[in-house]
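A short write-up of the structure that comes next.
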Amino acid sequence: MNLTIDLTPIEEAQISSAAKHAGVAPAELVKQLVKEHLPAIPAEIENDLNATLQKWQLRDHSKANPDDATKALFAQWAEEDEQLTDDEREQNERVYAEIEKNGIPRVQI
């Protein structure tokens, strides 16, 4: 998701200064600040994700419960996704759009 936020010149200077001090891009700093104030994922959403995973595993005749390696891999992917730049996210969206254009639906987990 891309958002446009109107900032005062003072707010913009504060963000730029803080980002420079932290050694990150201003957009990345703002993202970090927003993430710090987001509510936790509700248990029902987490349960839905687990149910979807179990359904896929049953369909594919794989383990019904993910093992530690699988959980670690999903955690690693989630962490990597958090580190994507806006340009990388846009690139991913273009790839997904091309895949969907060829009739393969996007899977959200």
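Observations
- In this simple spin-label approximation, residue 49 and residue 83 carry label points 7 Å from Cα along the Cα→Cβ vector, and these lie 1.8 nm apart.
- Given the choices (i) -0.65, -1.25; (ii) -0.68, -1.11; (iii) -0.63, -1.05, log10 I(q)/I(0) by the Debye sum over Cα atoms at q = 0.12, 0.20 Å⁻¹ derived from the coordinates of this structure is entry (i).
- Counting only residues at least eight positions apart within a chain, or on another chain, the lysines with an alpha carbon under 22 Å from that of residue 55 are 63, 71.
- Taking amide H positions as modeled 1.01 Å from N, with prolines and chain starts lacking one, no residue 5 or more places away or on another chain lies under 5 Å from residue 84.
- Relative packing of 23-32, 1-10, which averages over residues the other C-beta atoms within 10 Å, highest first: 23-32, 1-10
- Where the alpha-carbon atoms of the range 1-54 are placed on the principal axes, they occupy 48, 23, 17 Å, in descending order.
Every read-out reported here was derived from the displayed coordinates using simple, explicitly stated rules and does not represent laboratory data. Predicted model only: the values in this text are computed from it and were never measured. Positions of Cβ are generated from backbone atoms using ideal geometry, with glycine treated the same way; all protein chains shown enter the neighbour counts.
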